[in-house]
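Heads up: the structure comes next, in structure tokens.
The values are calculated or read from the model by the stated rules, or taken from the named source; none is laboratory data. Owing to the predicted nature of the structure, the values given are computational and were not obtained by experimental measurement. In case anyone asks, the SASA skips ligands and DNA or RNA and just uses the protein heavy atoms, side chains included. Shrake-Rupley method; radii C 1.70, N 1.55, O 1.52, S 1.80 Å.
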Amino acid sequence: MEQFDVIIIGAGAAGLFCAAQAGQRGRRVLLLDNGKKPGRKILMSGGGRCNFTNLYTEPAAYLSHNPHFCKSALARYTQWDFIDLVNRHGIAWHEKTLGQLFCDESAQQIVDLLLAECEKGKVTLRLRSEVLNVARDDSGYTLQLNGSTVQAEKLVIASGGLSMPGLGATPFGYKSRNSLA
């Protein structure tokens, strides 16, 4: 059975970014997705040019049961930090209505950026990996996948919502939320 520090379920924008950050902080990371390509919704966003952030990102723009969480998260990593990352990767962008930022060329550039950041963090990416079961005990989490079993101290579920079932969206995150709490 393979051991990791962190397992992240979902190779969309949040999962890729989380995996890259954890990997670059020295964690042994496994990133799982049931699809055949990472970042599928990213590729469709913004008409294929990816609305990757907004100049006016601020806590007041978010709804949450805990409004202080957003303040803390945005204080640690701002839209300006992500814009700097986009610039370091040489991605040209432009502003549209109300501060929305889009790639000049293709959303694939953002997917490539996130994959490069994961590679920099030595993240293990496994596609077409269906999570069949998740068990939690004192040492962490054990996941039964289609073909293997993996363990980690930490588990992040970044499986997104059900807005795009044609892209492989499943109710996994909703079903897991209550059973793993």
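Remarks
- Listed pairs LYS71/LYS96; LYS36/LYS96; LYS96/LYS122 exceeding 27 Å between Cα atoms: LYS36/LYS96; LYS96/LYS122
- Counting 0.36 nm for each residue step from ALA60 to THR124 and taking away their Cα separation leaves a gain of 19.5 nm.
- GNM result for the chain, Cα springs below 10 Å: residue of ALA22, ALA75, ALA116 fluctuating most strongly: ALA75
- Taking only protein heavy atoms and a 1.4 Å probe, the accessible area of region 35-166 is 51% carbon and sulfur.
- For region 5-51 versus region 58-105, the gap between their alpha-carbon centres in whole angstrom: 17
- In this structure the chain gives 59 Å² per residue of accessible area when probed at 1.4 Å with all protein chains present.
- Percent antiparallel among DSSP beta bridges (both partners in the chain, rounded to 5): 55
- As computed over the chain, the Cα convex hull volume per residue (Å³): 130
- Taking every full run of DSSP H in the chain, none both stretches at least 27 Å from end to end by Cα along its long axis and averages 1.6 or higher on the Kyte-Doolittle scale.
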